[in-house]
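The structure appears right after this line, and notes come after that.
The values are calculated or read from the model by the stated rules, or taken from the named source; none is laboratory data. These figures come from a predicted structure and were not determined experimentally. In this analysis, Cβ positions are derived from the backbone assuming ideal geometry, glycine residues included, and neighbour counts consider all displayed protein chains.
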Amino acid sequence: MEDVIYRQSTQYRFFTFTPSSLSSLRAATNAHAAQQLLLELGSSASPELMLTPIEELKLVTYYLTTLFALCDHFKTGSAVKATAMTFLSRLYLRISPLQIHPKTLLLPILFLAFKSETGIQSTTWFIKTAAEVNLITTKEELLAPEINIAMNLRWSFQVLHPYRGIEGVKAELLVRGELPKERVERSCAKARSLLTGGGLFTDCYFLYTPGQITMAGLWAVDAEMCEGYLRSKMPAGEEKVLEKLLRVVRECAQWHLLAKTEDGNNYPGLLLRLPQNGVFMDAEVPAELKKEAVRIDRKLQLLRKPLNGKVKHQATDAAEEERRAKKRKLEQDKMDLDDVFGGGSIIPKK
Amino acid sequence: MATPSNGTPASTLAAVGDAVADINAETRDKYIKDEKVGEGTYAIVYRARIKATGEQVAIKKIKISSQQAGISMDSLREIKHLQELRHDNIVNLLDVFVGRSHNINAVLEFLAGDLEGIIKDGSVIYGTSDIKSWMAMSLRGLWWCHRNFVLHRDIKPNNLLYTVDGILKIADFGLARSFADPGSMNMTSQVVTRWYRPPELLYGAKSYSSAIDVFSLGIVFAELILRVPYLPGETDIQQMVVMANALGTPSEQNWPGVTSLPDYVIPNPDNILNEVTIPDLRRQFTSMSTSGLELLHGMIRLDPRNRITCRKALDSEWFSEEPLPTKPQDLPGKKGKEEQDKAGQDLKRRAGLDEGLGGEELDRGKKVARRLNFGM
């Protein structure tokens, strides 16, 4: 039954891949966007200046950390946060930072995630909260990209989040009472924070079912408890099914959730978000990786510079004036938007 | 499954980058819009055809351009949930595309009428077998919603539609929401059309469950039997009185905890009644068998915790005892293909100011179309 529901879901139909199909899609998106940009730039362009697919992946993942911090600032709760993170990851499967810079989409994506998960639709509150961390936007700038985001998300707003499954496992283990209560509660809490934290930076959602990721989250923090639980759920005589399931769960945990820079790469040559590929995987970005992201960002800015004059501005004059006025005010306060986005923390110092 | 993009490997076939705009244009060009069949505050509904096959569909075009206002909550909810819910008894969303002026268009399967139309149309005669069939199909569709953690939040006769083949479809998910995150304590109680609104929402509950939809469907069940609205309150306050007089006065005794709900009052202090029992219901619903009354009673219990679930309701003996449910294609109220084409022609003639007959058909067509609208 779970399987039927999952197979009907847009998550399965539009956003589930094999490692190699995910990698090819990313490569194709990059190649297409680079080609298009070269055409736009004309003679001034040089193909070597383009972002490579792995640079794109690093940049988008970097902006996931920004979005993550933004969610904390908005006190979104897990559902909105996990959905916003997934929206951003999904969007950049078929669009490239060469086309739309991720930073311009963070607020609209977060707002859409709020709408979809909670029904909250007050732009006033949202704009005010964003301004607290020096992100200046107008109602129009927030709402105008929505339809494009929706189109690129293939009109799929529901995200099946694996962290939700933890509660069920916890309740069941507590009722059974075979393991000490403290252990069950501690391990489940750790698994939940993994799945609502670092797990959101991995490619797990694209490669595994929500149930598999839930179990991998548990495995990552308490392998014994997880495997014991899975064994107890499997009817006798289904050893082969169990072994297969355990293999998938261990793989998801070891190769993704727990992956380390120094680990061997199990997906050689594939464009996947893995620390082995130099893609940062957590809310806390190490300094040298932050520097790398800033470098890629500068490269992208330089690359697109000749086009800046040509870009059609969709915002009306009034909205643009409003935005500029706000920006001027901020600059008086010695706040620099680009610097905020260029790699520093988006949360202001207290 | 009619959605062409439904095939499993869709993600690997997906186009790249700005080709999304091409997909949108292709989707748009797949359909031919025929005449407008209804218009509401938020949407216009067109009868349309799939170019390649000629198959009829309905296109619901949201009036507000999303360019400035973003996606309206109604369309966001409807698209979000219908994209995931695929079931025989839930209206099928075939496609979504953006029109040339940035309006969202939802392509839905074409539906022939709704239960409100049947209940109100005195010329339609129906009986227990037919009610059983409609109830079974409604419960199955609703069960699937709940199984997918979706609350419909606006179950009423005109949101229960049927195809030309008589298959009932739950439609209009503009108020739906997911309840996948347990313990959500901040849900709005301003949902469900008043006459079908359950007592916990009348009392302003901020946390509620799938039992709200079961109650609404229970009230539809009663209305199908009586052929008049069962609890027609004229205001929200009056709705509580009507409800309490029919189903009993909510109290700590029949509903532990009810007095701590935000808007709790004793609606009928001069006429305090015990919760309605099956023998009480028998006096009002004389044609119903005991198992039918048990089912009705289970659906309209005051305390949501006492209400039956859709799954349990489907196990009711009422569905397996004589007379058995009518086969969908034999249900009254449906329109055959030919009749429907006629209705279509009538509509066209009216549009051309032909004063011929068929006005009744026209009105009905309009009504059906209106039911497809968002937020009417």
Unmet requirement for B:Glu26, which otherwise passes all of (1) more than 9 Å from chain A (Cβ to nearest Cβ); (2) at pLDDT 90 or above; (3) closer than 15 Å to A:Trp155 by Cβ: (2)
Looking only at the range B:192-217, count how many residues are within 13 Å of the chain's Cα centre (by Cα) and either buried (at least 22 other Cβ atoms within 10 Å of the Cβ) or under 24 Å from A:Gly77 (Cα atoms) (or both). 6
Only one of these is touching an Asp or Glu at 6+ places or on another chain (Cβ under 6 Å), at pLDDT below 95 and of a type in the set (Gly, Ala, Ser): B:Gly174, B:Gly113, B:Gly122. Name it. B:Gly174
Note on the range A:112-150: residues under 16 Å from A:Leu91 (Cβ atoms) and among the aromatic types (Phe, Trp, Tyr) are none
A:Ala189 vs. criteria within 14 Å of another protein chain (Cβ to nearest Cβ), loosely packed, with under 14 Cβ neighbours inside 10 Å and modelled with pLDDT of 95 or more: no
Which ones in the range A:39-58 are among the hydrophobic types (A, V, I, L, M, F, W, C), over 22 Å from A:Glu292 (Cβ atoms) and within 14 Å of chain B (Cβ to nearest Cβ)? A:Leu39
Members of the range A:1-38 that are hydrophobic (A, V, I, L, M, F, W, C) and away from every other protein chain (no Cβ under 12 Å): A:Leu38
Per the filter on the range B:107-146, residues in contact with a Ser or Thr (Cβ under 8 Å, 6 or more places away or on another chain) and farther than 28 Å from B:Glu78 by Cβ are B:Thr128, B:Ser129, B:Asp130, B:Lys132
Does A:Glu55 satisfy the condition of being free of Cβ contacts under 8 Å to residues at least 24 places away in the same chain and charged (D, E, K, R)? no
Restricting to the range A:226-271, what's the tally of residues that are hydroxyl-bearing (Ser, Thr, Tyr) and under 23 Å from A:Glu178 (Cα atoms)? 2
Among the residues of the range A:286-330, which ones are modelled with pLDDT of 75 or more and of a type in the set (A, V, I, L, M)? A:Ala287, A:Leu289, A:Ala293, A:Val294, A:Ile296, A:Leu300, A:Leu302, A:Leu303
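Listed here are the residues, each with its yes/no results for (1) in contact with a helix residue (DSSP H, G or I) (Cβ under 9 Å, 6 or more places away or on another chain); (2) without any contact (Cβ under 8 Å) to a residue 60 or more places away in the chain; (3) crowded, with 20+ Cβ neighbours inside 10 Å; (4) not in a loop (DSSP other than H, G, I, E, B).
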| position | (1), (2), (3), (4) |
| --- | --- |
| B:Ile119 | yes, no, yes, yes |
| B:Ser123 | no, yes, no, no |
| B:Met135 | yes, no, yes, yes |
| B:Asn158 | yes, no, yes, yes |
| B:Asp165 | yes, no, no, no |
| B:Gln190 | yes, yes, no, no |
The range B:286-303: number of residues that are surrounded by fewer than 18 Cβ atoms within 10 Å (Cβ to Cβ) and either part of a loop (DSSP other than H, G, I, E, B) or aromatic (Phe, Trp, Tyr) (or both): 4
Which condition number does B:Arg370 fail, the rest of (1) modelled with pLDDT of 95 or more; (2) surrounded by fewer than 20 Cβ atoms within 10 Å (Cβ to Cβ); (3) under 29 Å from B:Leu231 (Cβ atoms) being met? (1)
